[in-house]
Amino acid sequence: MRYAQGGGLTDERRVFREKLRMAAAERFVQGDENAVIAHDLRVSVRSVQRWRKAWSQGGPRAQASKGPASLPLLSDELFTVLEQELVKGPVAHGWPDQTWTLSRIKALIGRRFHKSYTVQGVAALLKRHGWSCQVPARRAVERDEAAVAGWVKETWPQVEGPWRRSAPGSSSRTRPASR
C-alpha cells in the first residue's frame, strides 16, 4: 500500500497538498528554481518538477485538487450492511466452520454486493474501518498439554532431523556430498 490508512489521501491531506501546489505556483511566477522551492516547501524536487510542468501547460487551475483518485467500492452504508452480515457468522453464509478469512469475506462481498475486491483490498477495507486480525484469546478445552509436550520432545526431533551434518558440507551444487 502506498498510504498508511489503506489507500488514497484523506480530505485534509488532499487540501494540504493542494495548498503546497498553489504556493509552488506562486513561486513559479517569481521565477524560483525547482530545488529552492522543494527545499522551502519540504517536498521532493521531482514533485516540484511535475507541478511546474502541469502549471506551464494548464496554469494555476492545473494545481487544483482533482478529488480522490478513486472512490471506495463499498460506501459506508454498504460497509454497515457487510458488518451485519459478518456478525451472522460464516456458517450462516454456507461455510463449514466459524472462521472468517479474507477470501471468505471477499466471496461474501462478491455475492452480496456484486463488487470485486482482491484479498489485499479486503484487508485494506477492513483495516480502514477499524477491524483487525483476531487470534483466539484462549486455548481449546480439548488440548492436552502433556501430550503436546511429549510430542515436541520425542516425535518432533525425529521429524525435523539433525540441525547440522556430522561432516563438513559444501556449498557446491556439483559435489555429491552437498546434495
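Bear in mind that the values in this text are calculations on the coordinates, not laboratory data. Keep in mind it's a predicted model, so treat the numbers as computed, not measured. Positions of Cβ are backbone-derived with ideal geometry, glycine not excepted, and every protein chain shown enters the neighbour counts.
Restricting to Cα atoms and excluding each atom paired with itself, what does the Kirkwood estimate give for the stretch 79-159 in Å? Don't skip to the answer; put the middle values down first.
Values: mean 1/r = 0.0651 Å⁻¹.
The answer is 15.4 Å.
If Lys and Arg each add +1 and Asp and Glu each add -1, what is the summed charge of the other residues whose beta carbon sits under 15 Å from the beta carbon of Val15?
On the way: positive: Arg13, Arg14, Arg17, Lys19, Arg21, Lys66; negative: Asp11, Glu12, Glu18.
Residues close to Val15 contribute a combined charge of +3.
Please work out the ratio of the alpha-carbon Rg of the stretch 50-106 to 2.2 N^0.38 Å and round it to two decimals. Intermediate results must be reported in sequence, preceding the final value.
Values: Rg = 21.3 Å, N = 57, 2.2 N^0.38 = 10.2 Å.
Compactness ratio reported: 2.08.
Restricted to Cα positions, what overall size does the stretch 19-81 have along the principal axes? Three whole-Å values, descending.
53, 23, 16
Would you mind putting 105-112, 150-157, 89-96 in packing order, based on average other-beta-carbon counts within 10 Å, highest first?
Details: 105-112: 17.2, 150-157: 10.4, 89-96: 12.5.
Descending packing order for the listed peptides: 105-112, 89-96, 150-157.
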